[in-house]
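A short worksheet on the structure shown next.
Computed from the coordinates by the stated procedures, all read-outs in this text should not be read as laboratory data. Just so we're clear, the structure is a prediction, and the values are computed from it rather than from any experiment. All Cβ positions, even for glycine, are placed from backbone atoms using ideal geometry, and neighbour counts span all protein chains on display.
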Amino acid sequence: MSQRFTDFERFADEVSRLRGRMRALFADTRAASGLPEMELTVLTAVVNAAAPPTVAQIGRSLGHPRQVVQRAANRLAELGLVAFGNNPDHKRASLIVATDAGHALKAADHDRASAVTRAVVSRVGSEAFADAAAQIHAIRTDIEAYLRERDG
């Protein structure tokens, strides 16, 4: 008797598998940065943010506990890759800002990752990624709305 999966279960399985493949795809470039994965993830979130984020904002955005993000941010600060700044909206939640060294490390990481990205895009096609990103964005937005309603 074969087990049948719902479309949602198949989607969740594919997302999980894709995350694993993405990690494997960029493992060498990540290792070359000299940072553990969580620290590089937090640095990327800080560098790519439209405005300096807080630890809690990064945690919510990435689905990681605040404490895990705080440890990574503290280590990045020790390394001189980020700095904590005053937050005019919240006395206890500092803003995280990438330093020049943080921007340089992330730029070098991006350059290394670009070769991998170009190779994969040439194989799969840019349009397939654009379509998938739009669909996943829509699904994520709906899930986030559900979670806000459920927890609100």
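Numbers for the structure displayed
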quantity: Check on Gly125, on the phi > 0 side of the Ramachandran plot and within 16 Å of the chain's Cα centre (by Cα); calculated: no
quantity: Filtered residue count, region 75-116, keeping only those that are assigned to a helix (DSSP H, G or I), surrounded by 15 or more Cβ atoms within 10 Å (Cβ to Cβ) and of a type in the set (S, T, N, Q); calculated: 0
quantity: Residue check, Arg148 loosely packed, with under 10 Cβ neighbours inside 10 Å and either within 19 Å of the chain's Cα centre (by Cα) or in a helix (DSSP H, G or I) (or both); calculated: yes
quantity: Residue match in region 39-61 (condition: surrounded by 11 or more Cβ atoms within 10 Å (Cβ to Cβ), touching a residue at least 60 places away in the same chain (Cβ under 8 Å) and hydroxyl-bearing (Ser, Thr, Tyr)); calculated: yes
